[in-house]
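Only one structure is covered here, and it is reproduced in the block below.
The values are calculated or read from the model by the stated rules, or taken from the named source; none is laboratory data. All values derive from a computational prediction rather than experimental measurement. Here the Cβ is made from the backbone with ideal geometry for all residues, glycine too, and neighbour counts use every protein chain on show.
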Amino acid sequence: MDLAQLGGSLICQKDAFLCAALGTSIGIVFSRKIGRGMFGGEGFILQKLEGDGMAFIHAGGTIGGKDLAMGETLRVDTGCLVAFQPSVNSDIQFTGGIKNTLFGGEGLFLATLTGPGKAYLQSLPFSRLADRVYAAAPSAGGSRREEGSILGGLGGLLDGDND
C-alpha cells in the first residue's frame with residue numbers, strides 16, 4: 001500500500017501489518033463503537049499505519065479495493081475487511097431475519113462501511129483457510145481425492161492413504 005496515495009493513513013485489522021518503508025509509524029486505534037468491538041471479529045483494537053511510504057499488510061485469498069463515494073454503503077462479512085481509510089465510517093450490523101441467521105453461513109453480523117474513502121477486502125480470511133485445511137486433513141475425516149495421481153487409486157494405495 002502506498003500510504004502517500006491513501007492520504008497518509010490506513011486503519012487495518014489487528015496483526016495485518018508486515019513491514020514498511022522508513023517514515024511509516026505503526027499505532028493502534030481503539031474502536032469507540034461497542035458493536036464493532038464486541039461482534040466485529042477483530043475486537044476493540046485495530047492497527048493504524050501513518051506516513052508517506054510503502055506499507056505491506058497481510059490478507060488472504062483475492063484482495064480487492066473499493067472506492068466508496070460520499071454516503072455509499074458497503075456491507076461485508078466481518079472477517080473479510082482488511083483495511084480502510086480513516087474517512088470511512090465502519091460499524092457492525094445484525095444480519096437480521098431468522099433465515100439469514102440460520103442458513104446464511106456468514107454469521108450474525110456484517111461490517112457496514114460508509115464512504116467516502118477506500119476499503120480493502122479479502123476473500124479468504126486466515127481463520128477460514130485454517131478451518132478448510134483442518135476439515136480436509138485425513139485425521140479429521142478428509143481425503144486426498146481431489147489431488148489426482150498418475151496412478152489413480154493405486155497411487156493412494158501404495159502411499160498408504162487408502163485402506
Legend entry - Qualifying residue in segment 3-15 (condition: at pLDDT 85 or above, in contact with a Lys or Arg (Cβ under 8 Å, 6 or more places away or on another chain) and among the hydroxyl-bearing types (Ser, Thr, Tyr)): yes
Inset, instruction - Residues being at pLDDT below 90 and assigned to a strand (DSSP E or B): count how many of those fall in segment 38-60. - result: 2
Legend entry - segment 61-85: number of residues that are within 25 Å of SER127 (Cβ to Cβ) and assigned to a loop (DSSP other than H, G, I, E, B): 3
Legend entry - Number of the condition not met by ALA111 [criteria: (1) out of contact with any helix residue (DSSP H, G or I) (no Cβ under 6 Å at 6 or more places or on another chain); (2) at pLDDT below 90]: (1)
Inset, instruction - Test GLU106 against the criterion of being modelled with pLDDT under 60 and under 24 Å from ASP15 (Cβ atoms), and give yes or no. - result: yes
Inset, instruction - Tell me, yes or no, whether segment 124-132 has at least one residue that is modelled with pLDDT under 75 and over 20 Å from the mean Cα position of the chain (by Cα). - result: no
